[in-house]
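Here the structure is laid out as structure tokens; the discussion comes afterwards.
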Amino acid sequence: MKNKALSGKKGFHFTQRTNEVISRTLSYIGLIMLSLIWIVPILWIILSAFRTETNVDGDLIGIVTSNYFPNKMGPDNFVNLFQGTFYGVKNAFPRWLLNTLIIAVVDCLISTFLILSVAYCMSKLRFKMRKPFMNITMILGLFPGFMSMIAIYYLLKSIGLAGNTAEKAYLNIIGLVLAYSAGAGMGFQVAKGFFDVIPSSLVESAKLDGCSNFKIFIKIILPLSKPIIIYTALMSFTAPWMDFIFAKVIIGEGAPEMWTVSVGLYSLMFGAQANVNYFTQFAAGCVCVGIPIVGLFMFLQKYYVEGVTAGAVKGQKGGHMHKSLTPWKNARLAVFGIGIAAILFVIAMVLPFYSYSYFFQGKSMTFAACMMANKQMIIPFAMVISALVFEIIAVILMIFLPKNKVAHTLNSVFSFVAAFLTLGILFISVCRLWVIPYTFEYLAQQTLEIGYVFYLVFLLFNGVLACYMTAIGGKVEELA
Amino acid sequence: MSDKTQNVVEEAPKKDNIFKRFFRAIGHFFVNVGKGIANFFVNLYRKCVEFFVEFGRRFVDGSIGTKLSHFIFGAGNFYHGQFIKGTIFLLLQVGLVLFFVLCPEVNGTPYGYKALANLALKGNPNMTYDPVTGFLRNPDDSKLFLLFGLVTIIMMIAYILIWILNIQSSYKADQDLKSGRKPTTFKEDWNTLLDSKFHVLMLTPTCIAALVFTVIPTVFMICIAFTTYNVVDMNAAEDLYNKNLFHWNGFNNFADIFKGQTSLGVEIGARFLPVLGWTAIWAVFATFTCYFGGILLALLINKKGIKFKKVFRVVFILTIAIPQFISLLAMRNLLSGEGPVNQILKSLNWITNSIGFLGNNTSGDNPIVAKVMVIVINMWLGVPYTMLMTSGILMNIPTDLYEAARVDGASKTKMLFKITFPYIIFVTTPYLISSFVGNINSFNTIFLLTGGGPSVVGKTYVAGETDLLVTWLYKLTIDNGEYNTGAIIGIFTFMITATITLISYRRSKAYKEEDTFQ
């Protein structure tokens with residue numbers, strides 16, 4: 001009897017189709033439940049960022065515990081966060097953002113260079129000290145970092161790059177960048193795993209043609225390793241946004257104006273002047289930090305996966321070679337770039353913009369308010385806006401027009417005009433730093449000129465973007 | 001005939017059980033370490049002899065320039081007309097000698113030969129009169145003594161290396177002249193640096209950086225374990241200025257921990273094994289829950305007929321992309337005593353007192369709850385990572401394996417266990433090892449979630465119930481200033497992770513067959 005039941009000849013039995021439907025439905029239910037678990041805590045942070053429930057005194061409540069969904073919502077937390085004074089630093093949060101951005105960019109450049117160069121040597125060159133070097137780096141990497149952190153602090157302090165306060169506090173940032181990027185070369189394993197998959201025959205044949213190792217690295221290996229370059233850059237760019245122990249020790253409690261965002265936000269919740277009521281502002285800060293980083297991850301997801309796989313898995317091929325950008329991908333990149341540029345511009349508009357303050361009796365005003373008060377500034381403003389408009393037109397052309405010569409030429413022309421406008425204003429703005437002698441002193445004294453710095457960063461970024469778009473137009477034309 | 005060939009399944013050679021293999025591996029490891037150390041010394045002896053023979057030959061055979069090079073760096077290069085190279089060597093020598101002789105001072109502590117003398121860690125606790133500047137000097141600081149002493153030793157090694165390089169370079173020019181070639185010009189040397197010696201050029205920055213920011217700090221840390229560097233003892237000194245001084249203490253710190261003679265030693269001795277045990281449990285659970293959870297999730301998402309794959313993937317990737325201090329602090333607040341989860345449970349009348357999910361409550365919380373929660377939340381963070389990786393691998397499994405299995409009439413579950421899992425596990429072993437070691441040192445998760453809590457009643461320095469070795473190390477050093485004890489814990493942690501890594505890496509295929517994939 002038992003055997004018969006098992007063989008399914010007798011009794012109720014699903015057809016294969018129903019079976020599949022049931023298993024698929026179950027999978028969907030499982031996936032959706034899991035997704036909910038994954039999203040609930042994250043959504044809570046986002047909701048908290050927009051909470052504006054007040055207590056009896058009319059102050060914002062920190063952690064609201066009675067209800068998951070807020071009763072009142074508004075942007076107050078963001079406004080408070082951006083304009084608030086924390087740890088005695090005016091406009092602390094934008095300042096921290098800027099510090100982290102600077103650290104992240106410099107660290108990203110240095111680390112990527114070091115990692116790629118070491119990985120290339122370990123993967124494609126053969127020399128006497130190769131194996132010992134690999135073993136030594138592996139063993140050194142196993143020591144817990146905290147004890148060495150103390151030694152690094154005193155080493156940096158002895159050359160004046162850590163533990164400074166007040167006027168010299170900016171030196172701590174240099175120290176932190178050094179500490180972040182110096183050890184980077186030892187984390188070459190992921191990139192080495194990637195280089196290992198690039199066929200050695202390519203290198204051999206180039207050598208037969210008389211290429212030096214340097215040329216092989218620059219002309220053959222690097223162009224083939226876009227995914228791993230992007231992965232390495234992504235990892236080292238996001239590290240300073242995530243780390244807080246190291247930053248806390250090296251920059252120190254004494255220089256809150258030089259903290260990174262993570263140290264600052266952590267101190268809002270757990271520092272000397274921590275306050276439970278800051279929680280909603282902390283959440284707002286988390287959203288501000290989280291969105292760009294999550295955006296970067298989503299945008300570069302493919303490369304991230306490839307990097308992860310290259311590092312952990314032997315002999316997997318990523319299918320990454322010889323793929324050129326399709327026009328649509330170019331457009332997506334450009335849209336992303338313009339998005340960032342626009343965000344930077346908006347931030348620059350709403351932040352205090354002190355450099356014109358001596359026109360206005362030292363009042364602190366935002367860029368936008370300066371514009372209202374001073375008619376002369378309308379001209380550069382109009383130029384910036386028109387540059388953005390030109391870029392957007394170029395992107396629209398790229399996406400919607402058929403891929404012919406005329407469209408690409410138009411695209412190039414528009415981008416070129418945008419590049420010309422932006423770089424021109426950048427030139428004038430940088431010159432202004434010399435024309436108005438106070439500006440440098442303000443910068444040096446840490447008197448905030450955040451808005452202006454963001455404005456310059458925006459101009460630089462947008463200029464590069466426009467140049468890139470011009471180049472794309474020209475390149476596609478060549479291909480056509 | 002064809003049926004037969006298809007049905008033949010290769011019998012795997014019979015293997016001992018996993019424990020036997022594990023212990024054998026450990027045995028092999030220690031034998032190998034012994035052999036390695038013996039070989040190292042034999043080789044060292046041979047190399048030393050060779051080196052001195054070579055050295056003597058160079059001095060006797062070399063031209064006047066080479067002979068002079070033994071005393072003045074770059075002399076041989078000048079003799080051969082390689083002026084740029086010679087100048088570089090000479091400048092390096094002058095700089096280093098000045099460094100050793102003049103003893104530049106930073107924060108009142110000298111480098112150079114004085115730093116070597118200071119390595120004895122016999123600092124002067126009093127203000128002293130400095131005859132050169134005419135000012136009173138601050139009392140000495142032992143940690144700077146130690147640090148600067150190490151830096152000076154590294155500088156001396158560098159001096160010797162440059163010395164040898166300079167002699168070699170001059171001798172090579174001699175040989176070139178003898179065999180009728182011209183000594184290389186600076187441009188030619190530069191070109192070799194770009195080609196056959198490219199690795200030297202590329203690795204130098206990393207080596208210098210690693211030396212300064214990794215090697216010196218690590219040696220410093222190891223040295224600290226043998227000193228009396230802890231803030232409690234130093235602050236107990238009656239003399240105000242003695243608070244910057246510590247001394248060599250030999251193996252007494254290690255003995256204290258195991259014998260438990262001092263009060264601190266008793267506490268640490270009592271908590272060391274429990275923390276070690278929990279670290280091991282944590283590492284095993286954290287690694288394998290994330291690993292298998294990730295594989296299952298990947299299978300679920302990549303199942304045939306499931307739509308919106310990308311959407312699901314993006315949802316799960318969120319926890320990787322969001323900085324950990326944000327997501328973990330969110331979790332901590334969500335699950336805190338007054339947090340929404342507890343409040344909701346209370347309003348449903350399911351519980352009357354808050355549950356200390358993460359052991360942050362002041363009342364004694366159940367450590368088991370906290371431990372389980374930490375592992376579960378770690379899954380929330382770690383599962384997507386494995387999911388991403390295995391998704392890629394799943395697509396690369398050769399489809400003919402499944403075809404063959406289907407022809408043989410294997411069921412889907414059987415295929416899962418006989419093909420999919422073995423393949424994934426085979427390919428991701430290196431990842432499994434590195435993530436295991438990573439979990440032993442996983443600082444963020446514990447520090448941000450529980451801070452080591454719930455605490456053990458009546459103990460001050462010791463670890464809480466969920467503290468790992470690393471977070472304990474952090475508490476001891478940064479919070480309590482017990483640097484020497486922290487250093488000992490650091491060394492233990494290192495020994496454990498190093499043993500695991502070395503055993504597994506040396507035995508893994510990835511290490512043995514490093515070149516096969518190229």
Residue B:469, sole failed condition from (1) closer than 23 Å to residue B:358 by Cα; (2) away from every other protein chain (no Cβ under 13 Å): (2)
Could you tell me which numbered condition residue B:392 fails, if it satisfies all but one of (1) within 10 Å of chain A (Cβ to nearest Cβ); (2) modelled with pLDDT of 85 or more? (2)
Name the single residue, out of those in the range A:132-146 being surrounded by 19 or more Cβ atoms within 10 Å (Cβ to Cβ) and part of a helix (DSSP H, G or I), that is nearest to the other protein chains (Cβ to nearest Cβ). A:146
Among residues of the range A:267-296, those that are within 10 Å of another protein chain (Cβ to nearest Cβ), of a type in the set (Phe, Trp, Tyr) and surrounded by 19 or more Cβ atoms within 10 Å (Cβ to Cβ), counted: 2
Among the residues of the range A:272-301, write down those that are part of a helix (DSSP H, G or I) and aliphatic (A, V, I, L, M). A:276, A:283, A:284, A:287, A:289, A:291, A:293, A:294, A:296, A:298
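Among what's in the range A:178-233 and is polar (S, T, N, Q) and within 12 Å of chain B (Cβ to nearest Cβ), pick the residue that is farthest from residue A:153 (Cα to Cα). Even if it seems obvious, please write down each step before you answer.
Quick first cut of the range A:178-233, residues polar (S, T, N, Q) only: A:181, A:189, A:200-201, A:205, A:212-213, A:225, A:232.
Going one step further and asking which of them are within 12 Å of chain B (Cβ to nearest Cβ), we end up with A:181, A:189, A:200-201, A:212-213.
Numbers: A:181: 15, A:189: 27, A:200: 42, A:201: 46, A:212: 40, A:213: 37 Å.
Restricting to residues being polar (S, T, N, Q) and within 12 Å of chain B (Cβ to nearest Cβ), the top hit is A:201.
Would you point out which residue out of B:344, B:419, B:377, B:351 is within 14 Å of chain A (Cβ to nearest Cβ) and in contact with a helix residue (DSSP H, G or I) (Cβ under 8 Å, 6 or more places away or on another chain)? I'd like the intermediate steps shown before the answer.
Working: B:344 fails: in contact with a helix residue (DSSP H, G or I) (Cβ under 8 Å, 6 or more places away or on another chain); B:419 fails: within 14 Å of chain A (Cβ to nearest Cβ); B:351 fails: within 14 Å of chain A (Cβ to nearest Cβ).
None of the others qualify; the one that does is B:377.
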Of all residues in the range B:447-459 being under 22 Å from residue B:478 (Cβ atoms) and away from chain A (no Cβ under 11 Å), which is surrounded by the fewest Cβ atoms within 10 Å (Cβ to Cβ)? B:459
Residue B:386 is checked against (1) over 30 Å from residue A:307 (Cβ atoms); (2) at pLDDT 85 or above and fails just one. What number does that condition carry? (1)
Could you list, ordered by first residue, the pairs with Cβ atoms under 9 Å in which the first is in the range A:31-42 and of a type in the set (Val, Ile, Thr) and the second is outside any helix (DSSP H, G or I), at least 6 apart or interchain? A:40/A:68; A:42/B:322
Out of all the residues in the range A:40-63, is one or more at pLDDT below 75, surrounded by fewer than 19 Cβ atoms within 10 Å (Cβ to Cβ) and acidic (Asp, Glu)? yes
If residue B:16 satisfies every condition in (1) touching a helix residue (DSSP H, G or I) at 6+ places or on another chain (Cβ under 8 Å); (2) at pLDDT below 85; (3) not in a loop (DSSP other than H, G, I, E, B) but one, which is the exception? (3)
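Which residue is nearest to the other protein chains (Cβ to nearest Cβ), if the candidates are limited to the range A:255-266 and must be touching a residue at least 24 places away in the same chain (Cβ under 8 Å) and more than 16 Å from residue A:177 (Cβ to Cβ)? Spell out how you get there, then give the answer.
Here is the first cut: in the range A:255-266, the residues touching a residue at least 24 places away in the same chain (Cβ under 8 Å) are A:255-265.
The next check asks that each one be more than 16 Å from residue A:177 (Cβ to Cβ); those that pass are A:256-257, A:264-265.
Numbers: A:256: 17, A:257: 20, A:264: 11, A:265: 7 Å.
Within the range A:255-266, the match that is nearest to the other protein chains (Cβ to nearest Cβ) is A:265.
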Among the residues of the range B:397-430, count how many are farther than 15 Å from residue B:295 by Cα, part of a helix (DSSP H, G or I) and not hydrophobic (A, V, I, L, M, F, W, C). 8
Those helices (runs of 4 or more DSSP H) completely within the range B:141-226 that have 2 or more residues that are at the interface with chain A (Cβ under 10 Å from one of its Cβ atoms) and without any contact (Cβ under 8 Å) to a residue 40 or more places away in the chain are B:186-194, B:198-210, B:216-224
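Go through A:271, A:252 for me and flag whichever is among the small types (Gly, Ala, Ser), in contact (Cβ under 8 Å) with a residue 60 or more places away in the chain and at positive phi. Write out each step before concluding.
Numbers: A:271 fails: at positive phi.
Being among the small types (Gly, Ala, Ser), in contact (Cβ under 8 Å) with a residue 60 or more places away in the chain and at positive phi holds for just one of A:271, A:252, which is A:252.
Output the residue which, of all residues in the range B:250-289 that are of a type in the set (D, E, K, R) and modelled with pLDDT under 75, is nearest to residue B:485 (Cα to Cα). Reasoning before the result, please.
Let us first name the residues in the range B:250-289 that are of a type in the set (D, E, K, R), namely B:256, B:259, B:267, B:271.
Within this subset, residues satisfying the condition of being modelled with pLDDT under 75 are B:259, B:267.
Numbers: B:259: 14, B:267: 12 Å.
Only one residue tops the list, namely B:267.
So, in the range A:157-177, how many residues would count as being outside any loop (DSSP other than H, G, I, E, B) and at the interface with chain B (Cβ under 8 Å from one of its Cβ atoms)? Show your work before the answer.
The initial filter retains those residues of the range A:157-177 that are outside any loop (DSSP other than H, G, I, E, B), namely A:157-158, A:166-177.
Now narrow it down to the ones that are at the interface with chain B (Cβ under 8 Å from one of its Cβ atoms): A:157-158.
Count: 2.
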Would you mind telling me which numbered condition in (1) within 18 Å of residue A:150 (Cα to Cα); (2) in a helix (DSSP H, G or I); (3) touching a residue at least 12 places away in the same chain (Cβ under 8 Å) residue B:229 fails? (2)
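Applying the selection to the range B:435-461, what residues are among the hydroxyl-bearing types (Ser, Thr, Tyr) and modelled with pLDDT of 80 or more? Give the derivation first.
Looking only at the range B:435-461, we keep the residues that are among the hydroxyl-bearing types (Ser, Thr, Tyr), and these are B:435, B:442, B:445, B:450, B:455, B:460-461.
Correct list: B:435, B:442, B:445, B:450.
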With the requirement that a residue be part of a helix (DSSP H, G or I), closer than 25 Å to residue B:467 by Cβ and facing chain A (nearest Cβ under 8 Å), what does the range B:431-446 give you? B:434, B:437, B:443
Scan the helices (runs of 4 or more DSSP H) fully inside the range A:178-243 and keep the ones with 3 or more residues being under 26 Å from residue B:192 (Cα atoms) and either aliphatic (A, V, I, L, M) or in contact with a Pro (Cβ under 6 Å, 6 or more places away or on another chain) (or both). A:200-208
Restricting attention to the range B:279-318, which residues are under 25 Å from the mean Cα position of the chain (by Cα) and surrounded by fewer than 19 Cβ atoms within 10 Å (Cβ to Cβ)? B:280, B:281, B:284, B:285, B:288, B:289
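The values are calculated or read from the model by the stated rules, or taken from the named source; none is laboratory data. Since the structure is predicted, the reported quantities are computational estimates derived from the model, not experimental observations. We place every Cβ from the backbone using ideal geometry, glycine too, and count neighbours over all the protein chains shown.
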